[in-house]
Structures are given as C-alpha cells and as structure tokens.
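No lab work stands behind these numbers, since they all come straight from the coordinates. Remember, it's a predicted structure, so these values are computed and weren't measured experimentally. In this analysis, Cβ positions are derived from the backbone assuming ideal geometry, glycine residues included, and neighbour counts consider all displayed protein chains.
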Amino acid sequence: MKKAILFFSFAAIAMGAMAQKVTTTSGVVSFDATTPKDALPKAENKTVIASLDKTTGVLAFEAAVNNFAFSNPTIQDHFNGEKWMNSASFPKFSFTGKIDKLNKVKFNKNGVYDVTVSGNLTIKGISKPLTTKAKVTVTDGAVSATSDFTFKLADYGITGGPIDGGKVAPEPKVSVAVSFN
C-alpha cells in the first residue's frame, strides 16, 4: 500500500512538472524581404516546431529551411541555394531564448502580455544574440505567442547581387506565430 501511494505521488509530481512545458509542431514563420523593386521575396513556413517552459520562460523554435514556400519557384531555389540559406548543408534555422521578467505573464489568467525575449538566432550555423518584443496570449489555459523582428542577412554570410541591387531587403522582417498545446 505504501509503495502504491509513493508511486502515485511521484507520478502526480512528474505530470505536474510536464504540464509546465508546452509545445507545437504547427507554428508559422513568415519571411519578408520585399522591396519597392521586388515584391516576390516573401515566404511562409507552417511546419515550425516550438516549445515554451512556463516555469523558466525558456522559449525555442526551429524551422526547416526548405519548408519555406515562395510564390515564385526560382526565388525558392535561390533561397535554398548555396549562396543564400544553403539548406543542403544547414537544413534548419532556430531561436533559443528566454522570456525576460517571466513573472509579468500569468499563465492561469486570460490576457495579452507584452514581453521581451532574449536569446540567440542561429542561421547557417551562425548564432547571434537577438532581443525582441513578443506578445504572449493566454485564453482559458491555452498559450500562444507572436513576435516580429528583423535581422541583417550579412551577419549570417548572406550577400550578393539581389541585395546590392535592391531586389532583396538586407534586413528582412520575420514574423513568428505559435499556438501551444
């Protein structure tokens, strides 16, 4: 009897700890490098995985580079090519960080919480610090998050004629939207 009580106590504690981490496999990341000269360098990836630990504030997402869908197949080929994202050698890009001042977010109370997230953005194997604003929304216990940020392509070794010629923005806008389970 004592062993059964002890087992169920450990099981309850473990399940409570696991409930603090939420995940998704259907987050969305949008990439927008459009310019006045070219409206086509714009893509979306709807197969992004993400996780959030509600206890520590650790937040992460990862996107497969070749899952970004462009309206123009030629641009998609260039995006995945060696001079750009080189998806054959670097198949994923990711962000790992933490919500600053996590105590501002009340995961047990409906609301929209403006937060700052700090961490590292990794593209083509190069990690650079990134701090950005984000919104965490809690609705009846369900958690979602959104953020918009820019980064410099040159910081990740992405350069070339289309950027220099003004057809691709040197600092594209990235939008992230995730709804956790």
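Out of VAL28, ASN86, THR96, whose Cα points farthest toward the positive end of the dipole of the range 22-179 (charges: +1 Lys, Arg; -1 Asp, Glu; placed on Cβ)?
THR96
How do VAL176, VAL65 line up, fewest other C-beta atoms within 10 Å first?
By the 10 Å Cβ count, ascending: VAL65, VAL176.
May I ask you to derive the relative contact order of the chain, considering only C-alpha pairs under 8 Å and at least 6 residues apart, and to give it as an integer percent?
It rounds to 22 percent for the chain.
Okay, which of the range 29-47 sit inside 18 Å, backbone N to the point 7 Å along the Cα-Cβ direction of ASP77?
Answer for this model: 40-42.
Tally Lys/Arg at +1 and Asp/Glu at -1 over every other residue whose Cβ is under 15 Å from the Cβ of ALA60; what's the total?
+2
I need the calculated FRET efficiency for the pair GLU62 and LYS37, taking r as the beta carbon distance and R₀ as 22 Å, to the nearest 0.05.
0.10
For the range 32-68 and the range 161-180, compute the distance between their C-alpha centroids and round to whole Å.
10 Å
Here is the link list: LYS46/LYS135; LYS46/LYS106; LYS21/LYS101; LYS21/LYS173. Which ones come out longer than 26 Å on Cα distance?
Numbers: LYS46/LYS135 19 Å; LYS46/LYS106 28 Å; LYS21/LYS101 18 Å; LYS21/LYS173 28 Å.
Long pairs (Cα-Cα over 26 Å): LYS46/LYS106; LYS21/LYS173.
With n ≥ 4 as the cut-off for DSSP H runs, can you work out [θ] at 222 nm for the chain, using -39500 (n - 2.57) per run divided by the number of residues, rounded to the nearest 500?
Using -39500 (n - 2.57) per qualifying helix, the result is -4500 deg cm²/dmol.
Mind sorting VAL29, VAL174, VAL112, VAL58 by how few other Cβ atoms lie within 10 Å of their own Cβ, fewest first?
Arranged by neighbour count, lowest to highest, VAL29, VAL174, VAL112, VAL58 become VAL112, VAL58, VAL174, VAL29.
Working out 0.36 nm times the residue gap between GLN20 and ASP148, then minus their Cα-Cα distance, what length gain in nm do you get to one decimal?
43.6 nm
Sort LEU130, LEU59 by Cβ crowding within 10 Å, fewest neighbours at the top.
Lowest count first: LEU130, LEU59.
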